[in-house]
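The values are calculated or read from the model by the stated rules, or taken from the named source; none is laboratory data. Every value quoted in this text rests on a predicted model; they were computed, and no experiment measured them. Because the Cβ atoms are built from the backbone with ideal geometry, glycine has one as well, and the counts that use them run over all protein chains shown. Ligands, DNA and RNA are excluded from the accessible area calculation, which covers all protein heavy atoms including side chains. Shrake-Rupley method; radii C 1.70, N 1.55, O 1.52, S 1.80 Å.
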Amino acid sequence: MRHLPYFCRSQVVRGFGRSSKQLGIPTANFPEQVIDNLPADVSTGIYHGWVSVGSGDVHKTVMSTGWNPYYKNTKKSMETRIMHTFKEDFYGELLNVAVVGYLRPEKNFDSLESLISAIQGDIEEAKKRLDLPEHLKLKEDNFFQVPKSKIMNGH
């Protein structure tokens, strides 16, 4: 994937509503037009990277980009799992994502438990990879210096 790192920024929208409820792993979701405009060589799968909300701190993230076979989605999504606990929802806020690397292809699971276990494994692997010097330096990228005119609701 020659387009990595890939930087994208857009408002957070409501997703399918199952990450927090069924999986216990909340996500921040991009609108369809962001997903539709990903470079052609960014294949579906699980990625790791850096993320900030508005002008807030930069955190590690793991993203699922694709069809989520377990749920048999009919539209492609990009779900960003931020490795940080926020006190409140931030729908409508500006989400800044640097997609740094590829972890694995998306796949189907035979149970909700095996899906949750895979997500937790992806999170642990992403944490390790993002600590590598070549990935850690992207946390400080100018991309995360969001102009004040783009900030909403104080984030």
For residues that are in a strand (DSSP E or B) and closer than 18 Å to P105 by Cβ, scanning just region 61-79, find the one that is modelled with the highest pLDDT.
-> V62
Cross-chain or 6+ apart pairs with Cβ under 8 Å, region 109-133 first and more than 18 Å from T61 (Cβ to Cβ) and open to solvent by 70 Å² or more (accessible area, probe 1.4 Å), then of a type in the set (D, E) and part of a helix (DSSP H, G or I) = none
Picking from D41, D57, D89, which residue would you name as being modelled with pLDDT of 90 or more, assigned to a loop (DSSP other than H, G, I, E, B), surrounded by fewer than 19 Cβ atoms within 10 Å (Cβ to Cβ) and not hydroxyl-bearing (S, T, Y)?
-> D57
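Just give me the residues in region 85-144 being of a type in the set (V, I, T), farther than 23 Å from L38 by Cβ and under 15 Å from the mean Cα position of the chain (by Cα), in sequence order.
Answer for region 85-144, where residues must be of a type in the set (V, I, T), farther than 23 Å from L38 by Cβ and under 15 Å from the mean Cα position of the chain (by Cα): just T85.
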Members of region 25-38 found to be part of a loop (DSSP other than H, G, I, E, B) and not hydrophobic (A, V, I, L, M, F, W, C), listed by number | P26, T27, P31, N37
